[in-house]
Amino acid sequence: MLMDPAILWLGLVIVLLAVEIATVNLTTIWFAGGAIVAFISTFYGANAAAQRMLFVGISLLLLVVTRPIVVRYVKGAKPKTNADSLIGRMAIVTKEIDNLNQSGEVMIADISWTARSREDNCKIAAGSKVKICAIEGVKLIVEEIKEEG
């Protein structure tokens, strides 16, 4: 006894959607779309070969055309983390920065951070303004802002 093709396609849709829900990788959803079209085609009298061609064709079309758009939309722009948002901002040196003595602190947004100068042989005095260039671990890498005047 052969099973109705509509039931086979519907079963495939369910399995593919379950896999997509379990993995959330945007991999099987495109094939679920192709299986839905093949499922619908059974009600219009499409033979087995036409159903398979619709499944493969629609799945590939969805994969090639819509996947890049959906991936871009889902991932979106990567928001800056709290630490990343500090890069480029200014801070005040609260403890002299001396890389050779492994000392230095800055204050930014009422939080004290360990800081190091971008150049090893450079000392930055307490009270100086610095620009945050990078973050390495829990230390801010800074450079002094030279005031013109």
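For segment 64-81, filtered to residues that are within 20 Å of E20 (Cβ to Cβ) and either among the aliphatic types (A, V, I, L, M) or surrounded by 12 or more Cβ atoms within 10 Å (Cβ to Cβ) (or both), the residue that is modelled with the lowest pLDDT is V74. Take the conditions aliphatic (A, V, I, L, M), modelled with pLDDT of 95 or more and within 33 Å of the chain's Cα centre (by Cα) and apply them to A35. Does it pass? Answer is yes for this residue.
Checking each residue in segment 137-149 for being surrounded by fewer than 10 Cβ atoms within 10 Å (Cβ to Cβ) and of a type outside the set (K, R) picks out G137, V138, E147, E148, G149. Total residues in segment 88-102 satisfying the condition of being over 15 Å from C133 (Cα atoms) and not acidic (D, E): the figure is 6. Of the residues in segment 48-63, at least one is closer than 30 Å to A18 by Cα, part of a helix (DSSP H, G or I) and touching a Pro at 6+ places or on another chain (Cβ under 8 Å). Looking at the structure I just gave you, is Y44 open to solvent by 80 Å² or more (accessible area, probe 1.4 Å) and under 25 Å from the mean Cα position of the chain (by Cα)? Here the answer is no, as Y44 does not meet what is asked.
Checked against (1) open to solvent by less than 50 Å² (accessible area, probe 1.4 Å); (2) closer than 30 Å to E147 by Cβ, A50 passes all but a single condition, namely (2).
Residues in segment 82-108 that are open to solvent by 70 Å² or more (accessible area, probe 1.4 Å), modelled with pLDDT under 90 and either among the hydrophobic types (A, V, I, L, M, F, W, C) or in contact with a strand residue (DSSP E or B) (Cβ under 7 Å, 6 or more places away or on another chain) (or both): I87, L100. Looking only at segment 109-133, residues that are open to solvent by less than 60 Å² (accessible area, probe 1.4 Å) and either assigned to a loop (DSSP other than H, G, I, E, B) or at pLDDT below 90 (or both) come to 4 in all. Restricting attention to segment 4-41, the residues that are outside any helix (DSSP H, G or I) and open to solvent by less than 60 Å² (accessible area, probe 1.4 Å) add up to 2.
The values are calculated or read from the model by the stated rules, or taken from the named source; none is laboratory data. As the structure is a computational prediction, the values presented were derived from the model and not from experiment. Glycine also receives a Cβ, built like all others from the backbone with ideal geometry; neighbour counts cover every protein chain displayed. Areas reflect the complete protein model, heavy atoms only, side chains present, ligands, DNA and RNA absent. Shrake-Rupley method; radii C 1.70, N 1.55, O 1.52, S 1.80 Å.
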